[in-house]
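Comments concern the structure below.
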Amino acid sequence: QLGTSLDPHIWLAPSNVQKMGEQILGHLLEIIPNNSEALRSNFLKFSAEVEKLDEEIRGKLAKSGNPKGFLVFHPAWGYFAKEYGLQQFSIELEGKEPSPAELIKELKEVQDMGIQNIWVQPQRSSRMAKTVANSLGGEIIELDPLAANWHDSLRKATNQIVEN
C-alpha cells in the first residue's frame, strides 16, 4: 500500500486529542495551580466535547454500508483511519508521486472497494489528483487536516466516507 511513511497528524484521532488534553491540563496545573478549579472545569467540558464527537463518528460509520476506506493524495489521515478501523489509501509515497505501476496497483484496490473520490488538502494541489478523480468517476474533496475547527474537519471526513 502506498503512503506508509510516518504520519505526524496525531490530532486526527480523538483518543490522541484526549491524551494531549490530559497532558496539557497536568502541565497547566503545575504552572498555575491557583486556577486549578477553572482548568479542571474547562478540561471536563473539552473532554466531553471530544467524547461526543467520537461517539458521533462511530455511530455514523456503524450505520453506513459504504466502503470502510478512503483515498487521499497526501497521507495525512492515518491516525483517523486507525482510530475507526478504516483503510487510508494514499497516492503520495513519502512526499513523492508514485510510479505509473504503483498508481495502477493502488487505483485497482480503491476501485475494488468502490471508492471514487480523492481527498486533497488546501495546502497542496496536484494535477494528478484531478486525473485520479476523473479516472475513478469521482471528484476531488478538499479536507484540511490542519483546520482550525478540528471538530468540523473530522465530521466532514466522516460524512465523505459515509456518502462516498
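The values are calculated or read from the model by the stated rules, or taken from the named source; none is laboratory data. None of the values given here were measured: they were computed from a predicted structure. Neighbour counts are summed over all protein chains in view; Cβ atoms, including those assigned to glycine, are modelled from backbone coordinates with ideal geometry. For the accessible areas, the whole protein counts, side chains as well, though only heavy atoms, and no ligand, DNA or RNA atoms are used. Shrake-Rupley method; radii C 1.70, N 1.55, O 1.52, S 1.80 Å.
The residue list G65, G59 contains one member that is open to solvent by 80 Å² or more (accessible area, probe 1.4 Å), without any contact (Cβ under 8 Å) to a residue 24 or more places away in the chain and within 15 Å of V162 (Cα to Cα), which is G65.
For first residues located in region 28-46 and on the phi > 0 side of the Ramachandran plot, partners that are part of a loop (DSSP other than H, G, I, E, B) and lie 6+ apart or on another chain with Cβ distances below 7 Å do not occur. So which of A48, A38, A81 ends up being assigned to a helix (DSSP H, G or I), touching a strand residue (DSSP E or B) at 6+ places or on another chain (Cβ under 8 Å) and of a type in the set (A, V, I, L, M)? Of A48, A38, A81, the one residue that is assigned to a helix (DSSP H, G or I), touching a strand residue (DSSP E or B) at 6+ places or on another chain (Cβ under 8 Å) and of a type in the set (A, V, I, L, M) is A81. Picking from residues in region 117-148 that are assigned to a loop (DSSP other than H, G, I, E, B) and open to solvent by 80 Å² or more (accessible area, probe 1.4 Å), the one that is farthest from L93 (Cα to Cα) is A148.
Against the definition (touching a helix residue (DSSP H, G or I) at 6+ places or on another chain (Cβ under 9 Å) and farther than 18 Å from W119 by Cβ), how does L93 come out, yes or no? So L93 does not fit the description; no.
All told, L103 falls short of being surrounded by fewer than 12 Cβ atoms within 10 Å (Cβ to Cβ) and either of a type outside the set (K, R) or outside any helix (DSSP H, G or I) (or both). Can you confirm whether Q88 is open to solvent by 60 Å² or more (accessible area, probe 1.4 Å) and outside any helix (DSSP H, G or I)? Against the criterion (open to solvent by 60 Å² or more (accessible area, probe 1.4 Å) and outside any helix (DSSP H, G or I)), Q88 does not qualify. What are the pairs with Cβ atoms under 7 angstrom where one residue, in region 72-100, is touching a residue at least 24 places away in the same chain (Cβ under 8 Å) and the other, located anywhere, is open to solvent by 60 Å² or more (accessible area, probe 1.4 Å) and β-branched (V, I, T)? Sequence gap at least six, or different chains. Short answer, once both residue conditions are applied: Y79/I10.
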